[in-house]
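Asker: The structure under discussion is supplied below as structure tokens; questions concerning it will follow.
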Amino acid sequence: LHDGVEPQLSLELFGQKLSVPVILGAVAGVKTNRLDDCITEENLLNSWLEGAKIGETLGMTGDGPDPSLYAIAIEASKKYPGVAIPIIKPRPQEEILTRIKEAEEAGAVAVGVDIDAAALIHNVKGLTCQPKTLDQIQKLVESTHLPLVLKGIMTVEDAVAAYHAGVKAIVVSNHGGRALDHCPGTAEVLPEIA
């Protein structure tokens, strides 16, 4: 029982007013994930960010072993400045720094690294993903004026370390449950991390 007939769901995040506390998750790799030609990567990302803009929220874009995926995400980000949060694979440090600069130039509202992707099979597909040290994360934070997001946090210890490294937001995620066998679900770890 309550008198909250018109709940206020909006919030401010990274200087943007969001209509609801929901951000569209990182997407990339139509051909890798769908294995058909139902939609192009360009159409996917433009629709994704347009939907985020219409919904007055933010949308994450992805990265992958094919370098064109991130390039397409950056081009879509330029069309929707102040809406996109490009998420970068945990590549070698210099490659991440280059991609962060591209995100800045594209008008991204924030930039992130999906550190949980270090366990994926991208190494087999020609992309070198590697775990990141706390020092490396701090250097990424210091390299940009954009807020840095770490996607793939699954423990309280990593959440606290991210905070101390200067990360502005975390995404509790197990990469869709496809990075490591027997990884707990996000719903299992979220309460303790929160």
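The values are calculated or read from the model by the stated rules, or taken from the named source; none is laboratory data. Remember, predicted model here, so these are calculated numbers, not experimental data. Heads up, the Cβs are rebuilt from the backbone with ideal geometry, glycines too, and the neighbour counts pull from every protein chain shown. Just so you know, the surface numbers come from the protein's heavy atoms only, side chains and all, with ligands and any DNA or RNA stripped out. Shrake-Rupley method; radii C 1.70, N 1.55, O 1.52, S 1.80 Å.
Asker: List the residue pairs whose Cβ atoms are under 7 Å apart, where the first residue sits in the stretch 141-169 and is without any contact (Cβ under 8 Å) to a residue 40 or more places away in the chain and in a loop (DSSP other than H, G, I, E, B), the second is open to solvent by less than 30 Å² (accessible area, probe 1.4 Å) and of a type outside the set (Val, Ile, Thr), and the two are 6 or more positions apart or on different chains.
Answerer: Short answer, once both residue conditions are applied: Met154/Asn174; Val167/Leu148; Val167/Leu150.
Asker: Moving on. Within the stretch 104-121, track down each residue that is modelled with pLDDT of 95 or more, open to solvent by less than 40 Å² (accessible area, probe 1.4 Å) and either out of contact with any Ser or Thr (no Cβ under 7 Å at 6 or more places or on another chain) or assigned to a strand (DSSP E or B) (or both).
Answerer: Passing the criteria: Val109, Ala110, Val111, Gly112, Val113.
Asker: Does the stretch 142-192 hold any residues that are open to solvent by less than 30 Å² (accessible area, probe 1.4 Å) and either β-branched (Val, Ile, Thr) or on the phi > 0 side of the Ramachandran plot (or both), and which are they?
Answerer: The answer is Thr144, Val149, Gly152, Ile153, Gly166, Val167, His175, Val189.
Asker: Only residues that are open to solvent by 10 Å² or more (accessible area, probe 1.4 Å), modelled with pLDDT of 95 or more and in a loop (DSSP other than H, G, I, E, B): list them for the stretch 37-75, please.
Answerer: Answer for the stretch 37-75, where residues must be open to solvent by 10 Å² or more (accessible area, probe 1.4 Å), modelled with pLDDT of 95 or more and in a loop (DSSP other than H, G, I, E, B): Gly55, Glu56, Thr57.
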